[in-house]
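One structure is given below, encoded as structure tokens.
The values are calculated or read from the model by the stated rules, or taken from the named source; none is laboratory data. What you are looking at is a predicted structure, and each value in this text was computed from that prediction instead of being measured. Quick reminder, even Gly has a Cβ in these numbers, built from the backbone with ideal geometry, and neighbours come from all protein chains shown.
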Amino acid sequence: MTISNNQLGKSLRETIRRKNILSRVAIALILSILYIGVSAQSDEAVLFSVNETPVSVSEFSYIYEKNNRDNASYTKESLEEYLDLYINFKLKVERARELGLHESDSYKAELEGYRKQLADSYVIDREVIDKMVDKIYERKKQDVEVQHVLVSIKRKASDQDETAAYDRIQAVASELQSGKSFEEVVKLYSDDKNSKDNGGNIGYITAALPDGYVELEDAAYDNEVGEISEIIRTDLGYHIIKVANKRPARGRMEAQHLLVRKKKNGRVVPNAKAAIDTMYAVIKANPLKFDGMAKTLSQDKKTAKDNGYLGFFGISEYEKSFEDAAFALANDGDISEPVETSVGYHIIKRKSKKKPETKDQIKSMVKSKLNIGERFDLQKKEVVESILTEAGYRLDEKALQTFKDSLNHTLFEYNWKPVTYPDQSLMTIGSDKYSINDFAHYSKISTKTRLRPRDKNIDKLVETLYENFKQDKAIEHVEGMLEEKYVDFKNLLREYQEGILLFEITKNEVWDKATQDTTGLKNYFNANREKYIWEPRADITSYSIRATKEDLIDQITTDAQTMSPAELTTKYNIGGKELILYTEQKVERSNELARGLSFTEGTVSTPQINKGLQVTTFNKIEATYPAAKKTIKESRGYVISDYQDQLEKQWIESLRERYDIDINKKVLKKLIAK
């Protein structure tokens, strides 16, 4: 099927459409962050305290919901059970702090490493990605009709060509400011020939446009109907746009069509309209005939074989008349009246309509071009500007110029080394101060950025390096305040802080004691010997025969009943051929090898023949042993585990005696689900 969009500036529309297809797979967060919501009850209400250290409702609810997931029912029983466990946890953490474990260098280093890892992605996830998603989600609710004036220039043009193009678009802006109509300016100056004669109208667009056109999207959605934008840059060049209209988003739909062409071999078909009207009358009387008629009568040969199936499509992919008729169909299965396009006459059948994307779906789509996408870069720049404004950013222009004046073309070389500058302040973000030497070091390690430019323009490179430096330091500034800004970050960090302490204190008080206290371990074993018993056991030989012939298998299994493994292999493994292989094990009655066997000496299992592998297996009980007590060596792993459990119970009891525990029963009662 070939339906052109007369209104659309083809060079712009086709480029956007193709890029959008590629970018739908787009944009994986390098490190995802788990977010768990907290209870709506007052965040600072204290549920309980251990040794006067309070635990708020929000903290308890966070950890309760996280660990119980879908079973976080807030019933009286589940809350009381989990409260008891959490109190035990807090008792151990309190003891660790009392012993000063949180003051150790190893603890501080481990915690700082975790915080850095978590914070590195946290600002990006919360401040950039979430805002990108929110913006796209809201924009997807509308389609925007756009007119534009285009001054063509490639994205990677020479400075001279770039300047010339920008001068031209500035002249266009001046003409508009002087009072000339947008349509008149388009006709005089626009390089988009496809839209020049219709006021620069390129039809409707919808978010999210692909890289290279995000500024166009921003201008379309940020301006009101009738407003004219500032100068914007896309991969096609410089634009000034006018918002012609906005409407609720049409989204994407799935459809079939039946086509009767207007022309055949370049000549007008005189009865085309009559033919489509006749077909429509038949389909209207019996809609079930649509598929068969589309298959046999449609003149769109590409889709006829599939009953006219077009697949899914969105706005501005087909001519306006076709699109309007298709999206006017209200229900799946609805069929349109004949619709005329430049190609011919169509009858359209709606198959389905896609539901609007959720924020989660948009976020998963947005995650792959994270650090290279134009949308990400623009959003990050916006976030950084907000951070800098809030923090009170200051730049010493003279200090930056001092840095520039010290440079020469060695800046573009891998081994460039900056000179040592006076300890002069360059930039301040809040209370964070950065010197010229800090920026010089940053520039030194930014090797890829320094080696990339082809034009070897020192001022432009320094501007790029400084912009990156400023962005990185702004993000670091926010990272230092994450606990204050985000409750979930504070919760995650607290979990890790206390988790490290719990590990260390439990290792000292339980795990190491259980393995190193040989006297205590022996005493525990002697006092609980009845727990460590062997079931009735047997020596079992497992045979594997490289054959499946039943008469040979019968002969071997019969001999196995009276022969030892050595005797059996001596008899059958002759001429250098290993017909029989075997292994020997002592196992308890419940072991898989003994299953199905009478626990009697000499018993042989039924042979299992595998024709595919040409192997037969069976087991034989060589000897049996009654139930018996295990030695401490034989049961050491179980004894250590049980001894650890006892030590932990005793430890918890001592901690409950050592520290005061105060539970706010009124607050607990309010948490219980009604």
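Summary of computed values
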| item | result |
| --- | --- |
| Complete set of residues in segment 142-185 that are of a type in the set (D, E, K, R) and touching a strand residue (DSSP E or B) at 6+ places or on another chain (Cβ under 6 Å) | ASP143, GLU145, ARG168 |
| Residue within segment 400-413 that is within 24 Å of ARG126 (Cβ to Cβ) and among the hydroxyl-bearing types (Ser, Thr, Tyr) present | no |
| Odd one out for ASN437, checked against (1) crowded, with 16+ Cβ neighbours inside 10 Å; (2) in contact with a helix residue (DSSP H, G or I) (Cβ under 8 Å, 6 or more places away or on another chain); (3) under 14 Å from ASP396 (Cβ atoms) | (2) |
| Of all residues in segment 607-655 being polar (S, T, N, Q) and in a strand (DSSP E or B), the one that is nearest to LYS507 (Cα to Cα) | THR624 |
| Candidates VAL366, VAL383 - the one that is in contact with a Gly (Cβ under 9 Å, 6 or more places away or on another chain) and within 30 Å of LYS470 (Cα to Cα) | VAL366 |
| Number of positions in segment 383-411 that are touching a strand residue (DSSP E or B) at 6+ places or on another chain (Cβ under 6 Å) and buried (at least 17 other Cβ atoms within 10 Å of the Cβ) | 3 |
| Which numbered condition GLY179 misses (of (1) buried (at least 20 other Cβ atoms within 10 Å of the Cβ); (2) at positive phi) | (1) |
| Selected residue (criterion: nearest to THR389 (Cα to Cα)) from residues of segment 488-521 that are out of contact with any helix residue (DSSP H, G or I) (no Cβ under 7 Å at 6 or more places or on another chain) and β-branched (Val, Ile, Thr) | THR518 |
| Residue check for ILE169: buried (at least 17 other Cβ atoms within 10 Å of the Cβ), under 30 Å from ASP455 (Cα atoms), in the same structural domain as LEU209 (by TED's automatic domain parsing) and at pLDDT below 95 | no |
| Scope segment 509-539; condition of a type in the set (A, V, I, L, M, F, W, C) and either touching an Asp or Glu at 6+ places or on another chain (Cβ under 7 Å) or at positive phi (or both); matching residues | VAL510, TRP534 |
| Exclusive hit being exposed (fewer than 12 other Cβ atoms within 10 Å of the Cβ) and farther than 30 Å from ASP125 by Cα, set ALA285, ALA304 | ALA285 |
| Residue check for TYR221: aromatic (Phe, Trp, Tyr), in a helix (DSSP H, G or I) and on the phi < 0 side of the Ramachandran plot | yes |
| Segment 254-273, residues that are more than 48 Å from the chain's Cα centre (by Cα), among the hydrophobic types (A, V, I, L, M, F, W, C) and surrounded by 11 or more Cβ atoms within 10 Å (Cβ to Cβ) | VAL269, ALA272 |
| Conditions (1) loosely packed, with under 12 Cβ neighbours inside 10 Å; (2) of a type outside the set (Asp, Glu); (3) modelled with pLDDT of 95 or more; number of the one not met by GLN160 | (3) |
| Among the candidates LYS354, LYS363, LYS359, LYS380, residue that is modelled with pLDDT of 90 or more, within 32 Å of the chain's Cα centre (by Cα), on the phi < 0 side of the Ramachandran plot and of a type outside the set (A, V, I, L, M) | LYS354 |
| Options VAL366, VAL339; residue that is aliphatic (A, V, I, L, M) and out of contact with any strand residue (DSSP E or B) (no Cβ under 8 Å at 6 or more places or on another chain) | VAL366 |
| Segment 419-434, subset surrounded by fewer than 13 Cβ atoms within 10 Å (Cβ to Cβ) and not in a strand (DSSP E or B), residue farthest from the chain's Cα centre (by Cα) | PRO422 |
| Residue identified as in the same structural domain as ASP554 (by TED's automatic domain parsing), at pLDDT 90 or above, of a type in the set (D, E, K, R) and under 23 Å from GLU567 (Cβ atoms) among GLU588, GLU622 | GLU622 |
| Filter result for TYR414 (modelled with pLDDT of 90 or more and surrounded by fewer than 14 Cβ atoms within 10 Å (Cβ to Cβ)) | yes |
